[in-house]
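A quick write-up on the structure given underneath.
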Amino acid sequence: MTDRPLSFLFLGHCSHTDLFAEHLARTGAGTVTTDPRHADAVCVFERDAATHAELALPHLRAGRPVFVDKPAALLACDVARMLEAGAVTSFSTLRWAPGLDALAGAVAVRVTGPARATDPSGAAFYAVHAVEIAHQICGGTPTEPDVRPQGDGWLVTYRLGAAAVELDVAAGREDWTVEATLPDGRRADLRISAGPGYYEPACAQILEFARTRRSPVAPAGLLGVAEVVEALGA
């Protein structure tokens, strides 16, 4: 595709729908259409992730690139189906939070953040942010997660390659904190907030994906996140 403004079809609605639409209008990078025939790309913004695959699959099979808001699905098999069908991506904008790239390659990471069982997608709706933060830092394929309820939240432990991961997610929190051990043994801490402009990195990534059909998260990475999300919902 050229650098001409792109046309997006939105399916479903959440706060990210409005943020991306505002970005398109402000930057002139694209428009929103209700006609799939005129859409260069599709964005699935439905809050219930259990519906994501069925919403995305017809468009993937028709050859349209599809961005699926996080979490991509509640089951890893649904993510695999979408990957097999066409050009698809999904991610948390917090993968590109300021300061996170300095923690890349950490040998151990602990992320605390929000999660609520009452959300449309259950705990995964917010907990996936913590998952994606850890995966962006460490990379690798997850081992089977150990998920333990604690109070009004969950403690999730597993490994990403050689890196040890601990996710502490619970209701009543708004921000994310990251504690990382770097390869040289140094400790590094980072606090992440969803403040003004927090969705701008995601907007840029969606546009780049729509133009190139290249996902910023590799297929194995999408599946790895989905495996942890599925374990949270089990």
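A few comments on the model shown:
- Contact order relative to length of the chain, as percent, for alpha carbon pairs under 8 angstrom and 6 or more apart: 21 percent
- Estimated FRET transfer efficiency when R0 is 25 angstrom, pair Ala25-Arg214 (beta carbons, to 0.05): 0.50
- Cα-based helix-to-principal-axis angle, 124-138 vs the chain, degrees rounded to 10: 70 degrees
- Once you reduce the stretch 216-234 and the stretch 94-123 to the center of their Cα atoms, the two points are 13 Å from each other.
- Rel. contact order, % - alpha carbon contacts under 8 angstrom, at least six apart, the stretch 94-192: 36 percent
- Options Ala115, Ala62, Ala39, ranked by Cα towards positive dipole end of the stretch 16-116, top entry (Cβ charges): Ala115
- Computed from Cα atoms, the angle from the helix 200-212 axis to the main principal axis of the chain rounds to 50 degrees.
- Overall Cα dimensions of the stretch 94-192 - principal axes, largest extent first, Å: 40, 28, 20
- Taking label positions 7 Å along the Cα-Cβ direction at both Thr143 and Ala50, the computed distance is 3.2 nm, reported to one decimal.
- GNM result for the chain, Cα springs below 10 Å: residue of Asp168, Asp184, Asp152 fluctuating most strongly: Asp184
- Label separation (Ala80 vs Asp101): 3.4 nm, computed from points 7 Å beyond Cα along the C-beta direction.
- GNM on the chain, alpha-carbon springs under 10 angstrom: the most fluctuating residue among His16, His52, His129 is His16.
The numbers here are math on the coordinates, done by the rules we state, and not lab data. Keep in mind it's a predicted model, so treat the numbers as computed, not measured. So basically every Cβ, Gly included, is an ideal-geometry build from the backbone, and we count neighbours across all protein chains shown.
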